[in-house]
1. Restricting to the stretch 48-65, name every residue that is surrounded by fewer than 21 Cβ atoms within 10 Å (Cβ to Cβ) and closer than 18 Å to residue 99 by Cβ.
2. Go through the stretch 17-61 and give me each residue that's β-branched (Val, Ile, Thr), at pLDDT 75 or above and not in a loop (DSSP other than H, G, I, E, B).
3. Just to be sure, is residue 76 under 15 Å from the mean Cα position of the chain (by Cα), at pLDDT 85 or above and away from the ligand (no atom under 15 Å from the Cβ)?
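The values are calculated or read from the model by the stated rules, or taken from the named source; none is laboratory data. Source: prediction; values computed, not measured. Glycine also receives a Cβ, built like all others from the backbone with ideal geometry; neighbour counts cover every protein chain displayed.
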Amino acid sequence: MARNKSEESCGTKSHVAMGLCPICQQENGEVILDARLQDSLCRHVMTPDVCDECKEKYLSKGVLLLAPKSCRAIVLKDEAFREMINIPIPKGKVCFVKEPAMDILMTMIPKDNEASSTEDEPCST
Ligand SMILES: [Zn+2]
C-alpha cells in the first residue's frame, strides 16, 4: 500500500496558535496547527469552538453564526435563526456564513439587543 505524504516537505515550521472562543474572545485552550496561519500575523485565531461558559449562556438558546474571514460572530436565537436563515438548526449550533451574509445579518440585528429577551416587531415594508 502506497501512502502519500501529504505536503510534509512543504513547510518545516508548524504554525501554532491558540484558539479563541468566538463569542467571548477568550482562549478556549485549543491549540491550532494550521499552515494557513502563515498568512496571518495574529497568534489567535477564531475557532468554531465555543467555550463551555458561552455554550451554556448562548448556545443553549441560540445558534452561533460565524464569518471566519472577518472574525465576526453573532448568536441568533433559535427562532430567529429559523426565521432568518431558513435552514434547520445545525447540530453543533454553529453555522458558518459568508461575509455578505454576515453583513446583512449585522444590519438586521439591533445592537442593543444583546441576549435580551425583547421581542422585535417585524418591520413592515
Ligand atoms: Zn466563550
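1. Once the filter is applied, which keeps residues that are surrounded by fewer than 21 Cβ atoms within 10 Å (Cβ to Cβ) and closer than 18 Å to residue 99 by Cβ, the stretch 48-65 yields only 48.
2. The one that is β-branched (Val, Ile, Thr), at pLDDT 75 or above and not in a loop (DSSP other than H, G, I, E, B): 31.
3. Here the answer is yes, as residue 76 does meet what is asked.
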